[in-house]
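Visitor: Got a structure for you, questions after.
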Amino acid sequence: MEHRSQRRWDMHPGAWLISTILIVAVVFLGATAYQTATAARIDHMAHDIADNADPSIRHLSSARTELHEIDDAVAAALLDGVTAPALSRTVSAHEDRMKEDLEAYAALPSFPAEATLWSGKREDIARAEGEVASVIDRLQNGDVAGARSIRTTALTDAMRRADVGLENLIALDADHGSRIGVQITTRRHRAERTMWLLDGLALVLAAVMLFVGKRSIDADVRMRNKLARVASSAISISESVPEGGDRASVFRAAIDAARDVTDASMCTLGVGSDPAKPFDAEIGPFMSVPLRHQGEVVGHLNLAKPPGAAPFTEQDERAVELLATITGTAAHNATLYDSLRKAVVAREDLLSIVSHDLRNPLSAIIVGAALVKRTLPEDAPAKGTVDIVARNAARMDMMIRDLLTAAKLREGKLAVEPRAVDVGDLLTEASDAFGLVARDHGLALSVEREPDLPRVSCDAARIAQVLSNLVGNALKFTPKGGSITIGANRSGHEVVFSVRDTGVGIGPAAATHVFDRFWQKSEDAARGTGLGLFIVKGIIESHGGRVWVESKPGEGSTFRFTLPIA
């Protein structure tokens, strides 16, 4: 089958082969020159690495000298009766210079075995410093005999081990510094010889491969173009699932895609295990590809061209088979999507109706409980029962209110009436509403905010609901003795509100779902409806703000949201 893209490859085979060989030759010769220069650079860098041995030896030798000076200073102090403070000052000066040399050495590149060796010798040096400190302490306490005993035993052994360790490191650096330059130079020359041999072989192979590969270039180009069109068609078919929500939309998109990919003039889709007679008109080239889902044939994609047209190619068949696989999966997904959407709509409608119808009898229960409580004496036994009824009725009323608010958010009917509101009033209202509850739970509830915050543009009642949901969640998940902080600070043209607690925290996997509708961790499913944070997100986004959570398990959570400045 002809494609417009073939024209760009129309070239005499001999000219094509010669041009390609010349290009490949130039590329390989350029690569050879570049690799040679790179090898020289590597050689230079290797010598630089080898040169690092010199500063390492210099710093280690200097550190070793300072170690000897410390040992000599201790010996002289014990012979000449130098006071402990004077000896401490002398030793400190030498130790500081030794530390500088060792830190400079540690900052240099190290050979593979050097880091392990240095780790052990560093402990020997630290031990020697500790023994020197013990001698000074004995002198400070007037125990000259004890100081001399340490000097002749533990200190001498520690100094010897530290000195031997530094000497070994110096020897290691000197040995590696001399050997690495020779090794890298030898390997570079060997690599250059191998590279030239491989380049020559590559040139021969390239000529042979180009001669043979030219015959398949046109087919590859055609297949690549078809796959690009299949990929584009796959996107269209996938997008038809949420747009149409039924199999018919998927099938229409698949028919259009198959016709576009194969340039067929006729295309039908038959559902069933066997293709029926797909076309009434007289046809020429014909192709039928089964639609499969999970290995089962669910239909056939039939394509045809007029009599005398060019036949379908192998590339056409492969492209349509891929398209048929995508279509079968998309059709199944469309069925699932449509069923899920209908189920969600039915559930939401039922919840909305039930919630609305429950409010009137529930209001009667709340009012009745309040009236009964007023008429009962303070010491009446039934008063506790009435309190339980009132509390649970209030909780049920809150759940129903959340269900109705969630339904309005889903339908885009949530009313928001923004006006200029004082930030302090919002925070104080939330703190006052939950102050007694927090104390009953053994929690500290506080407010932190920047001074002179500007007013924000919001619906005060809705934002009070947001803060109520966030503080209520914090109360649920913060153990006794913890704290909850309500705060606010300015950030550019927004005010950032926060509710921080010292509770159980939220894991990374759960944090990505906390604002989803009806989502709850399985162990928390009995604590609410799973709508509180979904409502928070919907209200804040209705104000043009953002909401997010920062949390680590066991370290508490911080919920933040933004509101625009009025």
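Visitor: If you check every pair at least six apart or on different chains, which have Cβ atoms under 9 Å apart with a residue in region 409-421 that is farther than 22 Å from LEU533 by Cβ first and a residue that is modelled with pLDDT under 90 and not aliphatic (A, V, I, L, M) second?
Guide: What qualifies is GLU417/ARG462.
Visitor: Which residues, counting only those in region 406-441, are outside any helix (DSSP H, G or I) and modelled with pLDDT under 75?
Guide: GLY412, LYS413
Visitor: Being surrounded by fewer than 17 Cβ atoms within 10 Å (Cβ to Cβ) and part of a helix (DSSP H, G or I) narrows it down to one residue among GLY142, GLY130, GLY165; which is it?
Guide: The conditions single out GLY130.
Visitor: Among the residues of region 145-162, write down those that are without any contact (Cβ under 8 Å) to a residue 24 or more places away in the chain and surrounded by fewer than 18 Cβ atoms within 10 Å (Cβ to Cβ).
Guide: Hits for region 145-162 are ALA145, GLY146, SER149, THR152, THR153, ALA154, THR156, ASP157, ARG160.
Visitor: Examine region 514-537 for a residue that is under 26 Å from ALA420 (Cβ atoms), at pLDDT 90 or above, in the same structural domain as ALA430 (by TED's automatic domain parsing) and not hydroxyl-bearing (Ser, Thr, Tyr), and state whether such a residue exists.
Guide: yes
Visitor: For ALA133, only one of the following conditions fails: (1) modelled with pLDDT of 85 or more; (2) in contact with a helix residue (DSSP H, G or I) (Cβ under 7 Å, 6 or more places away or on another chain). What is its number?
Guide: (2)
Visitor: Limited to region 303-320, what total is found for residues that are buried (at least 16 other Cβ atoms within 10 Å of the Cβ) and under 43 Å from the mean Cα position of the chain (by Cα)?
Guide: Residues meeting the conditions: 4.
Visitor: Which residues, taken from region 291-315, are in contact with a Leu (Cβ under 8 Å, 6 or more places away or on another chain) and under 18 Å from ALA257 (Cα atoms)?
Guide: LEU291, GLY299, HIS300, LEU301, ASN302, PHE312
The values are calculated or read from the model by the stated rules, or taken from the named source; none is laboratory data. For clarity, every value in this text was computed on a predicted model and none was experimentally measured. With ideal geometry, Cβ positions are generated from the backbone for all residues, glycine too; neighbour counts draw on all protein chains shown.
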